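S.K.: Mind looking over this structure? Questions follow.
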């Protein structure tokens with residue numbers, strides 16, 4: 001008698017990933033004790049890139065929303081940390097506050113941008129981000145157009161401050177990847193898959209399309225706010241023209257496109273590639289942007305499913321599977 005088919009989510013690769021996750025995180029957490037600060041400090045930027053890429057992939061790869069305005073929430077997160085510093089509160093406590101403020105602002109923002117679709121949605125989010133920047137410039141208490149510096153961390157030993165910032169960035173990256181993974185494994189994740197494939201059919205099947213998209217937009221905004229908080233804690237200064245720059249959205253799009261849109265592993269791989277290119281080409285100034293453009297064009301032409309799709313040979317191979325698999329013994 002043939003055994004019935006078995007529906008599973010886990011695979012050998014995913015079980016190996018789960019087994020190795022804790023040791024890897026433990027090793028990364030111990031790096032400030034093992035290596036010089038000159039090695040761990042650049043990794044703060046890497047972890048911020050992982051957060052940003054994961055959030056934009058959630059928006060576009062699963063929610064079907066192509067946003068060019070996530071820098072607005074990055075700026076809000078950075079300025080939330082600055083405000084907590086000005087109020088005499090530890091800037092590190094500004095990280096969860098940055099997520100909360102970005103999420104609260106994103107909620108009413110959806111009432112406006114969700115009236116748009118396609119390219120209009122993309123441009124609309126960019127315009128909203130510019131509005132955030134212009135409002136910030138008019139607030140003299142946070143430095144206006146010149147920006148301001150964090151002073152609450154001046155009493156910390158530089159090595160201790162660097163280590164704490166590194167740990168906060170590592171925790172933010174792990175929370176971003178884990179949070180997106182858990183969200184996609186929930187009922188909402190199933191709804192997002194249907195919405196990405198065909199929003200009209202999903203709505204006719206009973207999926208609450210607007211509610212699911214609003215949740216994704218708010219979560220992505222909160223994650224972007226955390227990334228902004230990490231950036232300002234690393235640089236110790238915030239300036240509106242740089243923190244609200246559209247280059248952040250360009251970087252997000254680049255990382256997700258070359259890594260693999262619609263996968264959990266792709267944005268992480270894309271962030272690693274982008275970070276490596278930044279470190280290698282930094283001495284060449286603006287030329288690294290030319291190289292990034294060439295890499296993006298090459299990925300679009302020769303690896304349309306991203307580097308992750310290229311590495312897996314087009315097979316449905318996942319280290320972090322979110323869907324179901326049917327194992328049929330009869331086959």
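S.K.: So which of 232, 226, 273 is in contact with a strand residue (DSSP E or B) (Cβ under 6 Å, 6 or more places away or on another chain) and in a helix (DSSP H, G or I)?
M.R.: Going through 232, 226, 273 in turn, just one is in contact with a strand residue (DSSP E or B) (Cβ under 6 Å, 6 or more places away or on another chain) and in a helix (DSSP H, G or I): 232.
S.K.: Can you tell me which residue in the stretch 241-253 is farthest from residue 94 (Cα to Cα), limited to those that are over 12 Å from the mean Cα position of the chain (by Cα) and surrounded by 24 or more Cβ atoms within 10 Å (Cβ to Cβ)?
M.R.: 244
S.K.: Same structure, new question: Here are the criteria: (1) over 20 Å from residue 76 (Cβ atoms); (2) under 18 Å from the mean Cα position of the chain (by Cα); (3) crowded, with 20+ Cβ neighbours inside 10 Å. Tell me which single one residue 191 does not satisfy.
M.R.: Residue 191 satisfies all of (1) over 20 Å from residue 76 (Cβ atoms); (2) under 18 Å from the mean Cα position of the chain (by Cα); (3) crowded, with 20+ Cβ neighbours inside 10 Å except (2).
S.K.: Applying the selection to the stretch 258-297, what residues are surrounded by fewer than 21 Cβ atoms within 10 Å (Cβ to Cβ), touching a helix residue (DSSP H, G or I) at 6+ places or on another chain (Cβ under 7 Å) and at positive phi?
M.R.: Passing the criteria: only 262.
S.K.: Tell me, which residue of the stretch 1-47 that is outside any loop (DSSP other than H, G, I, E, B), closer than 28 Å to residue 219 by Cβ and touching a strand residue (DSSP E or B) at 6+ places or on another chain (Cβ under 9 Å) is modelled with the lowest pLDDT?
M.R.: Here the residue is 7.
S.K.: Is it true that some residue in the stretch 96-106 is farther than 28 Å from residue 272 by Cα and over 17 Å from the mean Cα position of the chain (by Cα)?
M.R.: Yes, the conditions are met somewhere in the stretch 96-106.
S.K.: Among the listed residues 94, 75, 64, identify the single one that is at positive phi and touching a residue at least 60 places away in the same chain (Cβ under 8 Å).
M.R.: Only one candidate passes the filter, namely 64.
S.K.: Given the conditions (1) surrounded by 13 or more Cβ atoms within 10 Å (Cβ to Cβ); (2) under 22 Å from residue 254 (Cβ atoms); (3) modelled with pLDDT under 75; (4) over 22 Å from the mean Cα position of the chain (by Cα), and given that residue 325 satisfies all but one, which numbered condition is not satisfied?
M.R.: (2)
S.K.: In addition: Which residues, taken from the stretch 246-265, are closer than 16 Å to residue 227 by Cβ and part of a helix (DSSP H, G or I)?
M.R.: Matches in the stretch 246-265: 247, 248, 249, 250, 251, 252, 253, 254, 255, 256.
S.K.: A follow-up question, please. May I ask you to say which residue of 81, 50, 68 is at pLDDT 90 or above, in contact with a helix residue (DSSP H, G or I) (Cβ under 6 Å, 6 or more places away or on another chain) and outside any helix (DSSP H, G or I)?
M.R.: Every option except 68 fails the conditions.
S.K.: If you scan the stretch 97-130, which residues turn out to be without any contact (Cβ under 8 Å) to a residue 12 or more places away in the chain and either buried (at least 21 other Cβ atoms within 10 Å of the Cβ) or over 13 Å from residue 67 (Cβ atoms) (or both)?
M.R.: 104, 108, 111, 115
S.K.: As an exercise: evaluate residue 145 against (1) assigned to a helix (DSSP H, G or I); (2) out of contact with any helix residue (DSSP H, G or I) (no Cβ under 6 Å at 6 or more places or on another chain); (3) surrounded by fewer than 17 Cβ atoms within 10 Å (Cβ to Cβ) and give the number of the one condition it does not meet.
M.R.: Condition (2) is where residue 145 drops out.
The values are calculated or read from the model by the stated rules, or taken from the named source; none is laboratory data. Since we're looking at a predicted model, the values are computed, not measured. Virtual Cβ from ideal backbone geometry, glycine too; neighbours counted across all protein chains shown.
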